[in-house]
Structure formats: structure tokens, C-alpha cells
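J.: This is the structure I have questions about; it appears just below.
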Amino acid sequence: MSFDSAAAQATIEAAWADRALLQTADTKAAVEAIIEELDKGRLRVATPPAEDGGEWTINEWVKKAVILYFPLRQMSTQEVGPFEYHDKMQLKTDYAGQQVRVVPPAVARYGAFLAPGVILMPSYTNIGAYVGEGTMVDTWATVGSCAQVGKGVHLSGGVGLGGVLEPVQAAPVIIEDGAFIGSRSILVEGCRIGKEAVIGAGVTITGSTKIIDVTGPEPKEYKGYVPPRSVVIPGSIPKQFPAGEYQVPCALIIGQRKPSTDLKTSLNDALRDFGVSV
């Protein structure tokens, strides 16, 4: 039977308004079908724009289904070789069939989509996340719930992509195709990293972080959004408080990614083009 998204959405919206409906067979079946669609990548929490420069569409009803999935699950013990887990959620399986490389002890929950060619070093990918073809999730990186990661992205060691389930209207973290994310960077609160952007090590970007383009004669400011092909490093700006003026974190756009870096897989190589040692 084919998946009817309109019918599933109507069922989820009704159950969201009346949680007693979670006890009905139709609602349980709809929730489980949505999680299966997410797991296979046929449905996404956020839909990319049809053309460059457009806006992403947040599918709030899909996030609601993920939230409603939790109370339907029962705690169980899972044994994976020498490891034991006690949780409500299943883990993904059949990585060979999905053409995904998984290095122990990487973990991805059922309901997260991993496209062919994805490589998971020891890392964690949560339910509702989408990871595009050929992306590397490096050691101790975290792909939070519902995060959207494009094709050919490199998430370096220790990168943290924040998860977002509630509030349901909140946008997920979005990393567009070809971006390089440097070690220990933290990207949360629905920030969006444009295509082929280069984020230096240790950059923190939230939905309200000031991202300042300092490449021109006057600074240009963004909030929570890094334009495509931008090269970004950590920075700070002064802010006045009752106790005095102090420096607060920001992110600085110091240039645009050059054609000479397009085929480089090293984040440091791209940053060295701008004389930055990271």
C-alpha cells in the first residue's frame, strides 16, 4: 500500500490535539508509517527549495509524528556484540543494503535517513535526521534530531548539530550540499549553512548569532545564516552590560571559497588560502 501523506498528516494533527487517539490502531499505524518513510528518506522534516535561493519548508506535522512516536514505544534491552543498550528506540539496520559505511561504535537511530555513500565514524545520528549522499560524519560528531545535512558534506571530529523537536514550529539545523564543518563547531537552534560554505574549527552558530561579513569596506551582518561558499572563523564583538563592556562571541566571514579549494577535502587547506591557521 502506498503512503498517503495527506491522510497521515490529518491523522497526526488529530492525535496532536487529542492524545487519547494515540490508543487507536489507525493513529499507531500512521505514526509508524511516517517513521518508516523518514527512515527510508522518502519523507523529510524539512523540504529543500526547488531552486537555489528559495526557502526551506518545515513540515511541522512530521515533527509531531516523531514526538508522538516516543510514547508508543516500550523500553527494551538491545545487545550489539559486547554492547548493551536500554532504550525505547530501535537502531538502524542493513547498512550494507543501504551502501553506508559504519565504523564501530557509531550509532544511528531508526527513523534517521542515511543516503548511499555516507560514512559514519564513531558518532551519533538521531531520529528524524537526514544525511545526504557521500557525507562524512567524523569521529564524535553528533547529528541531532531532525537535522538536515546535504550531499558531500564533511562534519569534522566533534561537530555538534543541535536537535530540534519542540517547539514544533522551530526550524531544524540545515547544512547544505558541499559544506565543510570544522572540528568542535557547534551549530544549533535552526541555523542554516549555505552550499559549499567552510566553517572553521570551534565556530558556534545559533539562530541568533551575529555572523559578520568583514570582507568589504563596511560590515554586513547576518543572523543564524551563512551564505553559500563563505569562509567563517570564530570572532568576538563588544557588548555593553550594566557592569561594563565585554566581548561576546560572533562569527566572521573572512572570504569566499576559491575554485582552488573546490576539490580539497581538508578544511585546513581551505582556511590556509586566507592565511588563517586553525
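The values are calculated or read from the model by the stated rules, or taken from the named source; none is laboratory data. Since this is a predicted model, take the numbers as computed values, not measurements. Heads up, the Cβs are rebuilt from the backbone with ideal geometry, glycines too, and the neighbour counts pull from every protein chain shown. Side chains included, ligands, DNA and RNA excluded: accessible areas come from the protein's heavy atoms. Shrake-Rupley method; radii C 1.70, N 1.55, O 1.52, S 1.80 Å.
J.: Only one of (1) open to solvent by 40 Å² or more (accessible area, probe 1.4 Å); (2) farther than 26 Å from Gly54 by Cα; (3) in a loop (DSSP other than H, G, I, E, B) is not met by Gln169, so which one is it?
T.: (2)
J.: Same structure again: Scan the stretch 3-11 and give yes if some residue there is in a loop (DSSP other than H, G, I, E, B), more than 25 Å from Ala147 (Cβ to Cβ), modelled with pLDDT under 95 and of a type in the set (A, V, I, L, M, F, W, C), otherwise no.
T.: No, the stretch 3-11 has no match at all.
J.: Inside the stretch 218-239, can you point out the residues that are part of a loop (DSSP other than H, G, I, E, B) and open to solvent by less than 30 Å² (accessible area, probe 1.4 Å)?
T.: Gly224, Pro227
J.: Separate question: Could you pull out the residue among Gly128, Gly163, Gly111 that is of a type outside the set (D, E, K, R), assigned to a loop (DSSP other than H, G, I, E, B) and open to solvent by 10 Å² or more (accessible area, probe 1.4 Å)?
T.: Gly163
J.: Might you check whether a residue that is touching a His at 6+ places or on another chain (Cβ under 9 Å), farther than 23 Å from Ile254 by Cα and charged (D, E, K, R) occurs anywhere in the stretch 143-159?
T.: no
J.: Considering only the stretch 190-217, state which residues are outside any strand (DSSP E or B) and among the charged types (D, E, K, R).
T.: Residues satisfying the conditions are Lys195, Glu196.
J.: Quick check on my filter: what residues within the stretch 26-49 are without any contact (Cβ under 8 Å) to a residue 60 or more places away in the chain and among the β-branched types (Val, Ile, Thr)?
T.: Of everything in the stretch 26-49, those that are without any contact (Cβ under 8 Å) to a residue 60 or more places away in the chain and among the β-branched types (Val, Ile, Thr) turn out to be Thr27, Val31, Ile34, Thr47.
J.: I'm checking my understanding of the structure. Among residues of the stretch 114-123 that are outside any loop (DSSP other than H, G, I, E, B) and open to solvent by less than 10 Å² (accessible area, probe 1.4 Å), which one is nearest to Gln99 (Cα to Cα)?
T.: Checked the stretch 114-123; the qualifying residue nearest to Gln99 (Cα to Cα) is Leu114.
J.: Give the residues of the stretch 53-66 that are surrounded by 18 or more Cβ atoms within 10 Å (Cβ to Cβ) and in a strand (DSSP E or B), sorted by residue number.
T.: Scanning the stretch 53-66 gives a single hit, Ile58.
Okay, residues lined up against (1) surrounded by fewer than 18 Cβ atoms within 10 Å (Cβ to Cβ); (2) touching a strand residue (DSSP E or B) at 6+ places or on another chain (Cβ under 8 Å):
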| site | (1), (2) |
| --- | --- |
| Ala15 | no, no |
| Asp18 | yes, no |
| Ala33 | no, no |
| Lys40 | yes, yes |
| Leu43 | no, no |
| Glu51 | yes, no |
| Pro71 | yes, no |
| Glu84 | yes, yes |
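J.: Same structure again: What pairs can you find where one residue is in the stretch 226-246 and over 20 Å from Ser208 (Cβ atoms), the other is hydrophobic (A, V, I, L, M, F, W, C), and their Cβ atoms are less than 6 Å apart, with a gap of 6+ or different chains?
T.: Qualifying pairs under 6 Å: Val231/Val198; Val231/Ile254; Val231/Phe274.
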